[in-house]
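**Student:** I have a structure here, written as structure tokens, and I will follow up with some questions on it.
Bear in mind that the values in this text are calculations on the coordinates, not laboratory data. Just so you know, these numbers come straight off a predicted model, no measurement behind them. We place every Cβ from the backbone using ideal geometry, glycine too, and count neighbours over all the protein chains shown.
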Amino acid sequence: MAARDNAGVIIFEPVIETVDAREFTAWPTATRPGLGWLALSGDLVQADVGTVIAAIAVYNGIASEDDAQPSAARLIEDIIEAECLIAQGGLRVRDTETDQAVNPGCCFGLEDWSQWNQVAAGQPLWLGHSPEPWVEHLESTVRLWPSGGNRAVPSAGASPIEIPSGDLPRLVAGAHRQFQQFLGLLESWALPLAAASAPRLAPALATHFRVSWPAPGAAYPPVGDRHS
């Protein structure tokens, strides 16, 4: 489950941009037209897991967007053996009461999600280019602005998400657990495609994306309990 504040309205969740998976054919993916964000969690169906791994493969040049792709087993092995993996993404912050969301900016990577711990420690954090989301520290509150790039005077009409500073460590930890739960889906997803490599996929991605693995005490729903 995503982390929430005491009022039950603030959610931190790891997200990945999925545009690079649109033309991918090595394994089934969910249809997501145009630019889009997909939240990583233990609730994803198999096609969404395929979308995430395809986006990572294409973004890192392991697979192309056209039909000239190696076998699924070869691609998965190449992902596992990669020296460095990155992805467009990070932590999305949502206020479910106001239906407002602040997505990672351009060039802020999913591999950088844990830098949100700097904000919890009272430090600044660069959240990417356009639309240039930024963090403002007040005495006991953090304001997360969706755009504007740390301007002295926020853009007209701009509205921030306000988060009590003391809640940040718990919210970031909740997003970490959600990322771990996503990784818990990978072995069962990969087994039909690359049985020999499947057990190594989650540990490999955990290393590149700075996720503690295996998750201590993690319990994942049986594959049969999820829709395919």
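**Student:** Can you work out the PRE-style zone for ALA73? Point 7 Å along Cα to Cβ, and I want the residues of region 172-215 with backbone N under 18 Å.
**Tutor:** 187-201
**Student:** Here's something else I'd like to know. State, to one decimal in nm, how far the label point of THR207 lies from the label point of VAL9, with both points 7 Å from Cα in the Cβ direction.
**Tutor:** For the pair THR207/VAL9, the computed spacing is 4.4 nm.
**Student:** Give the residue list of GluC sites (Glu not before Pro) in region 122-216 that are DSSP loop and have at most 10 other beta-carbon atoms within 10 angstrom.
**Tutor:** Hits after loop and neighbour filter: GLU139.
**Student:** Still on this structure: Would you please name the trypsin sites (Lys or Arg not before Pro) within region 30-128 that are DSSP coil residues with at most 15 other C-beta atoms within 10 Å of their C-beta?
**Tutor:** Passing both the DSSP loop test and the Cβ count: no residue.
**Student:** Give me D for region 70-173 in µm² s⁻¹, whole number, from Stokes-Einstein with Rh from the Kirkwood sum over alpha-carbon pairs, 25 °C and 0.890 mPa s.
**Tutor:** Stokes-Einstein gives a translational diffusion coefficient of 162 µm²/s.
**Student:** Contour minus end-to-end for SER159 and CYS106, with contour as 0.36 nm per residue of separation and end-to-end as the Cα-Cα distance?
**Tutor:** Taking SER159 through CYS106 to full extension adds about 17.1 nm, to one decimal.
**Student:** Show me, for region 191-199, the HN-Hα J-couplings you get by feeding each phi into the Karplus relation (A = 6.51, B = -1.76, C = 1.60, θ = phi - 60°), rounded to Hz, glycine and proline as x.
**Tutor:** Whole-Hz 3J(HN,Hα) from phi for region 191-199: 3, x, 9, 7, 4, 5, 8, 3, x.
**Student:** Using a simple spin-label model with points 7 Å from Cα along the Cα→Cβ vector, what separation in nm is obtained for ALA173 and ARG143?
**Tutor:** Computed distance between label sites ALA173 and ARG143 equals 2.9 nm.
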